[in-house]
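*Asks:* One structure, as structure tokens, below. Some questions next.
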Amino acid sequence: MLVVLALSLPVQAGEDQIVIATASATGVYHITGQAFCRLIDVPCHARPSEGSVANLHNVRNGDVPIALAQSDQQYYAVEGQEGFADVGPDDSLRALFSVHSEPFTLVVRREAGILGFDDLEQRAVNIGNPGSGQRATMLQLMAARGWTLDNFALVNELPADQQSLELCHGNIDAMVYTVGHPDLSIRQAVDLCNAALVGVEGDFVEALVDEAPYYSLAEIPAGLYYDDQPEVQTFGVRATVVASEATDADQVYTLVAAVFDNFERFTDFHPAYSVLKPERMLKDGLSAPLHEGALRYYREQGWIEDANHEANDAIEETATD
Ligand code: GLU
């Protein structure tokens with residue numbers, strides 16, 4: 001009898017499953033998607049994917065309602081540049097908020113004697129799988145350095161969850177990953193075969209950061225992966241959450257409200273979130289306009305001044321510290 005009653009309850013509007021495309025099942029995007037789902041009390045699923053570039057295409061095509069994406073790739077999708085040049089500007093892309101910083105991270109076999117980006121010349125390098133953010137950022141960095149794939153002896157295109165083993169088997173000398181820290185696959189490479197983190201520095205990196213609003217210089221703290229690991233200087237992006245204009249506004253509102261209403265619980269899910277400030281999350285790394293479901297929540301909180309949708313300066317004094 002109870003079962004019959006439960007089955008006969010109407011499905012409430014906005015209670016369809018919320019699906020969030022992440023990236024590799026072992027990366028920080030997936031932890032982020034899972035954390036969102038833990039905070040939401042309607043059905044919610046974090047779905048692994050190829051990564052940022054694939055996610056942005058899938059959001060545009062309507063295959064995925066909500067996704068994680070790097071800030072540089074969000075910018076390119078909005079502008080119709082780089083990996084999005086073929087499809088043109090995406091006027092339907094909307095932003096919800098940004099999350100953690102993702103330093104571009106170069107991990108090497110110690111025996112390979114690689115001390116910086118320039119030492120990758122004529123080496124075996126995993127540049128990341130098609131559709132991933134790390135591959136797209138690597139291609140930007142290579143262009144800034146004046147390199148093509150021909151500058152490497154061997155180019156692999158493995159996804160993030162396979163590259164540590166490939167490195168430790170000696171099949172590649174280096175791998176790159178645009179990811180929040182600490183990350184499990186980098187930890188795996190360090191634990192399995194004493195892999196090392198190497199800086200990505202130089203005039204070409206500074207020029208790249210100077211030219212692009214979505215890049216900034218970044219550091220990976222000393223000692224994060226191994227005792228004698230120095231502070232690593234590199235550059236990076238932000239993880240952002242995006243949706244389509246067509247994504248249900250109630251779903252977006254539910255997600256945004258769950259994260260900001262439970263902000264301390266959210267930031268406990270991963271150390272990379274510990275420095276997050278709500279006021280910055282509404283602005284940093286966002287190139288697309290805010291989604292109407294997110295705007296509804298930000299307006300209710302008094303965090304957005306209307307008309308131009310600028311984040312209200314008042315939030316900077318009142319937001320959670
Ligand atoms: N930044 C990566 C990408 O866009 C994903 C990193 C992660 O999984 O945490 O593909």
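The values are calculated or read from the model by the stated rules, or taken from the named source; none is laboratory data. Everything numeric here is computed off the predicted structure, so don't read it as measured data. Cβ atoms come from the backbone with ideal geometry, glycine included; neighbour counts cover every protein chain shown. Note: areas computed on protein heavy atoms with side chains; ligands, DNA, RNA excluded. Shrake-Rupley method; radii C 1.70, N 1.55, O 1.52, S 1.80 Å.
*Asks:* Given the options Y273, Y226, Y75, which has the most mean-square fluctuation in a GNM of the chain, springs set between C-alpha atoms less than 10 angstrom apart?
*Replies:* In this elastic network of the chain, the residue with the biggest mean-square fluctuation among Y273, Y226, Y75 is Y226.
*Asks:* Oh, and also: Once both axes come from the Cα atoms, what is the angle between helix 52-61 and the longest principal axis of the chain, in degrees from 0 to 90, rounded to 10?
*Replies:* Taking the Cα atoms of the chain, the angle to 52-61 is about 40 degrees.
*Asks:* Where does the chain land on the Kirkwood hydrodynamic radius, alpha-carbon pairs, in angstrom?
*Replies:* Kirkwood radius, the chain: 20.3 Å.
*Asks:* Then there is this: May I have the extent of the alpha carbons of the stretch 91-142 along their three principal axes, as whole Å values ordered from largest to smallest?
*Replies:* Principal extents (Cα only, largest first): 46, 21, 16 Å.
*Asks:* Restricting to bridges with both residues inside the chain, how much of the DSSP beta-bridge set is antiparallel, in percent to the nearest 5?
*Replies:* 70
*Asks:* Helix 249-261 against the longest principal axis of the chain: what's the angle in degrees, Cα atoms only, rounded to the nearest 10?
*Replies:* Between helix and principal axis, roughly 70 degrees.
*Asks:* Given the Cα atoms of the stretch 31-103, and with Rh set as the inverse mean 1/r over their pairs in the Kirkwood sense, what is Rg to Rh to two decimals?
*Replies:* Taking Rg over the Kirkwood Rh, I get 0.98.
*Asks:* Mind giving me the nanometre distance, one decimal, between the label points for E245 and R299, set 7 Å out from Cα along Cα→Cβ?
*Replies:* Placing both labels 7 Å beyond Cα along the Cβ direction yields 1.7 nm.
*Asks:* Please state, rounded to one decimal and in Å, the Kirkwood hydrodynamic radius that the stretch 40-149 gives when every pair of distinct Cα atoms enters the mean of 1/r.
*Replies:* When all Cα pairs of the stretch 40-149 are included, the Kirkwood radius is 15.8 Å.
*Asks:* Another one. Sort 76-83, 234-241, 38-45 for me by packing, meaning the mean count of neighbouring Cβ atoms within 10 Å per residue, highest on top.
*Replies:* Descending packing order for the listed peptides: 234-241, 76-83, 38-45.
*Asks:* Also, quick follow-up: Would you mind estimating how fast the stretch 214-263 diffuses translationally, via Stokes-Einstein at 37 °C and 0.692 mPa s with the Kirkwood radius over Cα pairs, in µm²/s?
*Replies:* On the way: Rh = 14.2 Å.
For these conditions, the coefficient is 231 µm²/s.
*Asks:* Could you work out the helix-only [θ] at 222 nm for the chain, with each DSSP H run of four or more residues adding -39,500 (n - 2.57) and the total divided by the number of residues, to the nearest 500 deg cm²/dmol?
*Replies:* Theoretical 222 nm ellipticity from helices: -10000 deg cm²/dmol.
*Asks:* Given a 1.4 angstrom probe, what's the average accessible area per residue across the stretch 90-222, in square angstrom?
*Replies:* 39
*Asks:* Could I ask something else about it? Taking Cα atoms, how many degrees apart are the long axis of helix 184-193 and the longest axis of the chain, rounded to 10 and kept between 0 and 90?
*Replies:* Helix 184-193 sits roughly 30 degrees off the main axis of the chain.
*Asks:* Could you work out Rg/(2.2 N^0.38 Å) for the stretch 168-272, with Rg from alpha carbons only? Provide the component values of the computation, followed by the final result.
*Replies:* Details: Rg = 17.8 Å, N = 105, 2.2 N^0.38 = 12.9 Å.
Relative to the rule-of-thumb radius for its length, the stretch 168-272 sits at 1.38.
*Asks:* To continue, here is another question. Taking square-rooted eigenvalues a ≥ b ≥ c of the alpha carbon gyration tensor, is the stretch 136-226 rounded, prolate or oblate, where a/c under 1.5 means rounded and, failing that, a/b exceeding b/c means prolate?
*Replies:* Details: a/c = 2.18, a/b = 1.31, b/c = 1.66.
In terms of gyration-tensor shape, oblate.
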